[in-house]
Amino acid sequence: MKRSMRFDRSIIGQLLVGLALALLAWWLWRWQGRAWPTPTPLLQPRVAAGIAIALYAAFCGWIAWRGRTPRIVASVDGQSPWRVIYASQTGFALELAERTAQALRDAGQSASVHDINAIDLQALDGARCLFVASTTGEGDPPDHAMGFVKRVMAQPADLRSTHYAVLALGDSEYTQFCAFGRELDEWLRQHGAQPMFDRVDVDNADPAALRHWQHHIGVLSGSTDQPDWTTPRYERWTLRARRLLNPGSVGGEAWHIELQAPAGTASWQAGDIAEIGPRNAAADVATFLARHALDGSRIFQRDGEDMPLAELLSRSRLPAIADAVPNDARALVAALQALPHREYSIASLPADGSLHLLVRLMQRDDGTPGIGSGWLCRHAAIGDGIDLRIRSNPNFHAPSPTQPMILIGNGTGLAGLRAHLKARAAAGAHRNWLLFGERNAAADHLHGDELDAWQYSGMLERLDRVFSRDGHLQRYVQDALLANADTLRNWVDQGAAIYVCGSLEGMAPGVDAALNEILGPQRMTALADAGRYRRDVY
C-alpha cells in the first residue's frame, strides 16, 4: 500500500533525531576522563552520557508506541475524505480498493486506502467509508481482519453519522457466499450507519458486478464518465420504438424505449438491469473525421476485433477540439478510451415481446445530451443497433406472489417497479400498493393510463401519486408514507415486502428515514435481513 509523503517525512525525521541522540551519547562517553570545562555534576562526561543514553532509550520507546496499530481520527464534516477500507486474503480486495480510491481521486475527491485492521470506531465515526471485503474458507473473514472483528465489531457502537457502502467478494460454490461482507454490512446497519447504496455481491470476480460498483462510485463522486474497468460483452439489439412520455415537463424529457433482442429470445426477471454500450452521434464522428482529414473506412484492430475507424470513434470518447490529436491514425486509435457503459432498470418482461426502458434525457453543463441518454433518446435512429447486456440483479428480484408488496419510487425509477407490477399481474397477485412521485400532475403521469387501468381492475390495490411542484402538503413519496403510517404498519404486519426504486439523492434517503420513523430501526433491520426491504437506487 502506498503511504503519504507526510508519513514518509515523519519517519525520516524520527530516525535523524534518534541518530543524533546516539552520536551524542557516544561522544560524551568517549570523552569521559578528559578535561571538562565546568565542574557542574550534571555536565560530567559519564553523567551526561548516561542522560543522553536514557533520552535515546525513551525516544525508542516512543517510536515503538507510535508504531502500534494507528488510530485514525475521522472528520465529522460532510465533505470528509473517503476512506476505502479493504479486507483481503489474496490481494484482490486490496487491488479493487486502490482502483476505487483512484476513481474517486480522478473525480477530484480526496480518498485514502486503509487496512481494515488499522480502523477503529473513532475512524468510522462521521466518516464516508467504502468497504471492499473478501470472504475466505467457509464464511470466514480474511486473516488480517480478525483483529477488527474482535476489537471493533464485538463492542457497542453508535455509527449514526457514518455513511458507508460494501463491496462483498466471494464464490457462490461455497455455502457461505460473501459471508463476511454480509456480516459487515449487517453490523454497520444495526449500529445506525447509513448505507449510500445497497451492498454489491461479487461472485468469483464477476465483471458485471464490479462495473455496477464502479457505476455507484461514479454517481457518488459526480463523475460517471470514467472508463469501465472491464468492458461488457454486449449483444446487438435493435431500437424498435421510442416515445416521449411527458411533453412539456419542467423536469426534463422522459422517454419510453423499446429494444428488440437479436435472433432468439432473451431472458430476464423483474428487477434485472440492462447495461447499454452508448455511442457518439454519427454526425459528430463525421465532423471529427473531416476536421482531422482521417479515413473513416480504414480498418484497425481493437480488443481482438477488426473494425473501421469510424466505428471505433463511435464507441470512444472523442478528443476535445483543444486536445492534441495525433496525426498518425494508429497513434490516435491507441489513445482512444471506450465510452463507459450506462445502466437502466428494465421496465418490462420477456412476455411483452421487447425490452422496455424508461430513460430521462440528461444534459451536460454545456447543454449537450448525456452519453447514454443522448444515444438512446436522440442520436440512435429507429432500426439502429444498440449494444446491450442483461445483468441479473438478485437483490431486487420479486418476493413470493403470496406476499403483499409495497412499491415506492420517483421519476424514471418507475421502470423497475413497472416490471414488478407486470410480474404480479401475471401471477394473479393483487395486494400491491404503489407510491410514486414526480413534479407536476399536468405533465408527469408517466405510464399513467396503464397504472389507472391496473387500479381499476383491482390488480393495484392502492395508488398514491405525489407531485412536488403542485403545492400539496404531501410533496414527496416520503411525505405520503408518513401520512399513511398506520396503513404501512398494517401491510408490514401482514408480511408485505417493501421495494424502492429511483434516485439515490433525495428520494432514497428520505424514504429510508420515513420508514425508520414509522417502523423503528430494529424492525427495518429485521426486514432487510429477511429480504423484505430491497432497493434499486441510482
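The values are calculated or read from the model by the stated rules, or taken from the named source; none is laboratory data. Given the structure is predicted, the values throughout are model-derived calculations rather than measurements. Virtual Cβ from ideal backbone geometry, glycine too; neighbours counted across all protein chains shown. These area figures cover heavy atoms from the full protein model, side chains too; ligands, DNA and RNA do not enter into them. Shrake-Rupley method; radii C 1.70, N 1.55, O 1.52, S 1.80 Å.
Some notes on this structure:
- Around G137: net Lys/Arg minus Asp/Glu count, Cβ-Cβ under 11 Å: -4
- Solvent-accessible surface of region 83-236, taken per residue with a 1.4 Å probe and all protein chains present: 41 Å².
- In a DSSP loop and with at most 12 other Cβ atoms within 10 Å, the trypsin sites (Lys or Arg not before Pro) in region 328-431 are R364.
- Carbon-plus-sulfur accessible fraction, region 296-437 (probe radius 1.4 Å, protein heavy atoms only): 50%.
- Cα-based shape type of region 234-376, given that a ≥ b ≥ c are square roots of the gyration tensor eigenvalues and the cut on a/c is 1.5: oblate
- Region 457-538: GluC sites (Glu not before Pro) in DSSP coil with no more than 14 other Cβ atoms inside 10 Å: E505
- M307 accessible area, 1.4 Å probe, all protein chains in place, Å² to nearest 10: 10
- Exposure rank, largest accessible area first [L244, L434; 1.4 Å]: L244, L434
- Net charge contributed by nearby residues that have their C-beta within less than 15 Å of D352 (K/R +1, D/E -1): +2
- Residues in region 442-492 average 53 Å² of solvent-accessible surface per residue, probe 1.4 Å, ligands and nucleic acids excluded.
- Per residue, the accessible area of region 340-437 comes to 32 Å² when a 1.4 Å probe rolls over the protein heavy atoms.
- Computed on protein heavy atoms with a 1.4 Å probe, the accessible areas place D185, D115 in the order D115, D185, largest first.
- Accessible area of H144 (1.4 Å probe, protein heavy atoms only, ligands and nucleic acids ignored): about 50 Å².
- GluC sites (Glu not before Pro) within region 90-165: DSSP coil, no more than 15 neighbouring Cβ in 10 Å: E138
- Volume in Å³ per residue [convex hull over Cα atoms, computed for region 361-490]: 168
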